[in-house]
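The values are calculated or read from the model by the stated rules, or taken from the named source; none is laboratory data. Since we're looking at a predicted model, the values are computed, not measured. Cβ atoms come from the backbone with ideal geometry, glycine included; neighbour counts cover every protein chain shown.
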Amino acid sequence: MKSISTLIISASLCLFSVAASAQTRDYNIKRFGAKADDKTINTNAIQQAIDQCSANGGRVVIPAGVFLSGSLQLKDNVNIYLEDGAILKGSADMKDYAAIDKNAKSPHHAFLSAENASHITISGKGTINGNGLSQTFQFGDDSGPLGSNGRPMLIHMSGCKDITVEDLHLENSAYWMQKYIGCENVHLNKLTIYNHANYNNDGFDIDSKNVLIENCTVDSDDDGLCLKSEDAGKPCENVTIRNCTVASNCNGIKFGTASRGGFRNINISNITVKKASEDRIRHWQKGLKFIDQPITVLSGIAVENVDGGLTDNVNINNIWMTDVQTPIFIKLGNRNAAKKPGADPGHLRNVTISNVTAESHSKMTSSITGIPGHDVENVVLSNIHILAMGAGTAQDARINPTENAMGYPENRMFGQVLPAGGLFVRHVNGLSLLNCTWQARQRDERPVVLLNDVKSVHYELLRAEGFSDNQQIVQGK
């Protein structure tokens, strides 16, 4: 019979063995030759750690220090952990980035990428910096003659499953911050994003299903929370976004572009939208008329279906906005008709937006618009309180905005002034306005709500202050 002391020793050895085994599963990149000198390109060393982690389990540990690298390919079962003080920084040399879609006419590149992989985690208290401020990547936006010119995204995942990215600081991408396309089961949590290094600096770009984004803080030059749908056969669906703060020089919450498949079962709640902390590129007040403060968000909420997609069941609740030009922008368009006349624009229907408080700073008021023969269907706005800039004139009220059915969807696509001081609605079938208030800071001679080709309208408890005394709140039909 073994003595008690022998049993204790055996148990201790067993625990030590388990601890040692767990320790061997931490792949510290320094063990593979990585140097934290902000000079050495550590791509090969870090990739070796990733490959071993994928083959054997465990996690890749990035310790404190600045580690430069080119493209890194993430694989099955890889867990990358950045310790406090760790900075994984992208190379400033384009030759260090591999194309992630080599067959595309204009292939993209990425710092961290994965394709058809599963069970990937990137987490920790450190920072991933795309080095997007480098002069290497400064050649305009992707609508210019050079296009994006392959500027690398910070994170790009395609066809992946079971993805977690959390707790990190993500900053200074050369292009989009992160894109998830064709993925399933994606959880993005407690991310702090600062993206003011370049054009096209979005915060999130999501084209996937079964996605949860929560507890994140975004400060971006381009769109903050952006849902996309690039494949006509694969809608972006089953997405929940909650408890986030979004600062942007473009759109705070945006659906599209692209919108080829559309968006289904989207739930967004408890979001604060406000102006970005800096504006290196946009300068809207200089380029647009009637913007009454220097830094503004374009649209706080932009729901766009303009590429033939089928958008259905969108619920947006508890939104607080300041510094926006346009609080709510809902648009069904048909950009496909420019290439294929008569193309089906798809549908945009069953959108509910509730419990919104907004302060706006332009004459581009909220709008809900379809196109002739194709209505936006079943929109509910409830418990909406908008403090508008106002200052609309009687002449502004006579404006008949262009249809612009094939135009790029943006709040200024109808011009820089709309004929309504609170909400312009055109080509809509099914509209409910419940407990909505519009207040104009400067007296506004435009109708508060203007309807044009709108069927099946229901409204109750509407209030307005600062508008013409002789007008009904809702005009037109």
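Return the total of residues in region 49-70 being surrounded by fewer than 17 Cβ atoms within 10 Å (Cβ to Cβ), part of a helix (DSSP H, G or I) and of a type in the set (A, V, I, L, M, F, W, C).
The number of residues fulfilling the criteria is 1.
Which residue pairs have Cβ atoms closer than 6 Å, lie 6 or more positions apart in sequence or on different chains, and pair a first residue in region 194-223 that is part of a strand (DSSP E or B) with a second residue that is basic (Lys, Arg) and at pLDDT 95 or above?
Correct list of pairs: ASP205/LYS179; ASP205/LYS228; ASP207/LYS228; GLU214/ARG242.
A quick yes/no check of all residues on (1) in a strand (DSSP E or B); (2) in contact with a helix residue (DSSP H, G or I) (Cβ under 8 Å, 6 or more places away or on another chain); (3) without any contact (Cβ under 8 Å) to a residue 24 or more places away in the chain; (4) of a type outside the set (Gly, Ala, Ser):
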site	(1), (2), (3), (4)
GLN416	no, no, no, yes
HIS427	yes, no, no, yes
LEU434	yes, no, no, yes
ALA440	yes, no, no, no
ASP453	yes, no, no, yes
GLU460	yes, no, no, yes
GLN475	yes, no, no, yes
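Any idea which residue in region 257-295 is farthest from GLU230 (Cα to Cα), counting only those that are touching a residue at least 60 places away in the same chain (Cβ under 8 Å) and among the charged types (D, E, K, R)?
Here the answer is ASP292.
Can you find even one residue in region 153-160 that is under 24 Å from GLU304 (Cβ atoms), in contact (Cβ under 8 Å) with a residue 60 or more places away in the chain and surrounded by fewer than 24 Cβ atoms within 10 Å (Cβ to Cβ)?
For region 153-160, residues under 24 Å from GLU304 (Cβ atoms), in contact (Cβ under 8 Å) with a residue 60 or more places away in the chain and surrounded by fewer than 24 Cβ atoms within 10 Å (Cβ to Cβ): absent.
Can you pull out every residue in region 235-256 that is more than 9 Å from GLY224 (Cβ to Cβ) and either of a type in the set (A, V, I, L, M, F, W, C) or buried (at least 24 other Cβ atoms within 10 Å of the Cβ) (or both)?
CYS236, VAL239, ILE241, ASN249, PHE255, GLY256
Could you check how many residues of region 375-403 are part of a loop (DSSP other than H, G, I, E, B) and either in contact (Cβ under 8 Å) with a residue 40 or more places away in the chain or touching a His at 6+ places or on another chain (Cβ under 7 Å) (or both)?
Final tally of qualifying residues: 4.
Looking at this structure, is LYS363 in contact with a helix residue (DSSP H, G or I) (Cβ under 9 Å, 6 or more places away or on another chain) and not β-branched (Val, Ile, Thr)?
Yes, satisfied.
Which of the residues that make up region 354-374 are surrounded by fewer than 22 Cβ atoms within 10 Å (Cβ to Cβ), closer than 21 Å to VAL314 by Cβ and in contact (Cβ under 8 Å) with a residue 40 or more places away in the chain?
ILE371, HIS374
I'm trying to understand the selection: among the residues of region 161-193, which are farther than 19 Å from CYS244 by Cα, touching a residue at least 40 places away in the same chain (Cβ under 8 Å) and surrounded by fewer than 24 Cβ atoms within 10 Å (Cβ to Cβ)?
LYS161, ASP162, ASN172, ILE181, GLY182
Go through region 1-37 and give me each residue that's out of contact with any Phe, Trp or Tyr (no Cβ under 8 Å at 6 or more places or on another chain) and either at pLDDT 95 or above or part of a loop (DSSP other than H, G, I, E, B) (or both).
The answer is MET1, LYS2, SER3, ARG25, ASP26, TYR27, ASN28, LYS30, ARG31, PHE32, GLY33, ASP37.
Across region 263-307, what is the total count of residues that are surrounded by fewer than 23 Cβ atoms within 10 Å (Cβ to Cβ) and either within 30 Å of ALA343 (Cβ to Cβ) or not β-branched (Val, Ile, Thr) (or both)?
So the count comes out to 23.
Would you mind stating whether ALA99 is surrounded by fewer than 22 Cβ atoms within 10 Å (Cβ to Cβ) and of a type outside the set (D, E, K, R)?
Spelling it out, ALA99 is indeed surrounded by fewer than 22 Cβ atoms within 10 Å (Cβ to Cβ) and of a type outside the set (D, E, K, R).
Provide a single number: the residues in region 224-235 that are more than 13 Å from the chain's Cα centre (by Cα) and part of a strand (DSSP E or B).
Of the residues in that region, 2 qualify.
May I ask you to list the residues in region 71-122 that are modelled with pLDDT under 95, under 15 Å from GLN178 (Cα atoms) and not in a loop (DSSP other than H, G, I, E, B)?
Listed by number, the list holds a single entry, HIS109.
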